[in-house]
Amino acid sequence: FNCGVMRPLTFNGLVGNDNNLVVPSSDRFFVGGPGQLRGFMPAGIGPRASRGGSSVPGGDALGGDLFYTSTLAASIPFPSYFDKLRHNGARLFGFANAGTCVTTDGLLGGQQSFSPLLSLPVLTQVLQSSRLTVGGGVSAGSPMGRFEATYAVPIRYGPRDARKPVQFGFGFSFG
């Protein structure tokens, strides 16, 4: 489970003005891709611009100031008739991913504390915008890190989300 909240630091109104109350897009969260939410392109979910996105359907990603992702997965060793893959540690796995990325601008009425983030309008938006994918894949370890190939089927998605059912991921390991 991963989550994050981005709020401007105003020291209870002592610093900043109305222009400082919006989190810049470069500081926002962008969610999607094999490391976060399989079945969607990197930055494939969340608020989007009404125009743009010639390379990505749905418009350019604007990012959000609140996100969560969660994964439920189970794996088994490769079947014995694929002895070479099984010997090298390859595994078959199934998964379910859930998550969202939203902006709370306008929902908090200008309040900058964290307590309004637990309000009914914010929680309703998070639940209504949650995406869900299920799928399976193959993973294998290497001296550099973990490699995975997945096929994901988005069960719940938004009309402007950038989906990608087949993905490849690589996780580096250090130390």
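The values are calculated or read from the model by the stated rules, or taken from the named source; none is laboratory data. Just so we're clear, the structure is a prediction, and the values are computed from it rather than from any experiment. Note that we place each Cβ from the backbone using ideal geometry, even for glycine, and neighbour counts take in every protein chain shown. These area figures cover heavy atoms from the full protein model, side chains too; ligands, DNA and RNA do not enter into them. Shrake-Rupley method; radii C 1.70, N 1.55, O 1.52, S 1.80 Å.
Restricting to the stretch 136-158, name every residue that is closer than 30 Å to T104 by Cβ and not hydrophobic (A, V, I, L, M, F, W, C).
P154, R156, Y157, G158
Just need a number here: residues in the stretch 1-32 that are modelled with pLDDT under 90, in contact with a Pro (Cβ under 6 Å, 6 or more places away or on another chain) and not aliphatic (A, V, I, L, M).
1
Are there any pairs, at least 6 apart or on different chains, whose C-beta atoms fall under 8 Å, with the first in the stretch 117-132 and within 18 Å of T71 (Cβ to Cβ) and the second modelled with pLDDT of 85 or more and among the basic types (K, R), and if so, which?
S130/R156; R131/R156; L132/R156
Do you know which residues across the stretch 111-128 are open to solvent by 90 Å² or more (accessible area, probe 1.4 Å), modelled with pLDDT under 65 and of a type in the set (A, V, I, L, M, F, W, C)?
The answer is F114, and nothing else.
Counting just the residues of the stretch 131-154 that are surrounded by 16 or more Cβ atoms within 10 Å (Cβ to Cβ) and polar (S, T, N, Q), which one comes out modelled with the lowest pLDDT?
S139
Just the residues that are open to solvent by less than 30 Å² (accessible area, probe 1.4 Å) and under 30 Å from V23 (Cα atoms), please, taken from the stretch 63-99.
G63, G64, D65, L66, F67, T69, N97, A98, G99
Give all pairs with beta carbons closer than 6 Å in which a residue from the stretch 3-28 that is aromatic (F, W, Y) meets a residue that is modelled with pLDDT under 70 and open to solvent by 80 Å² or more (accessible area, probe 1.4 Å); count only pairs at least 6 apart in sequence or on separate chains.
Matching pairs, first to second residue: none at all.
Working only within the stretch 155-167, note down all residues that are open to solvent by 30 Å² or more (accessible area, probe 1.4 Å) and not aromatic (F, W, Y).
Those that are open to solvent by 30 Å² or more (accessible area, probe 1.4 Å) and not aromatic (F, W, Y): I155, R156, P159, R160, R163, K164, P165, V166.
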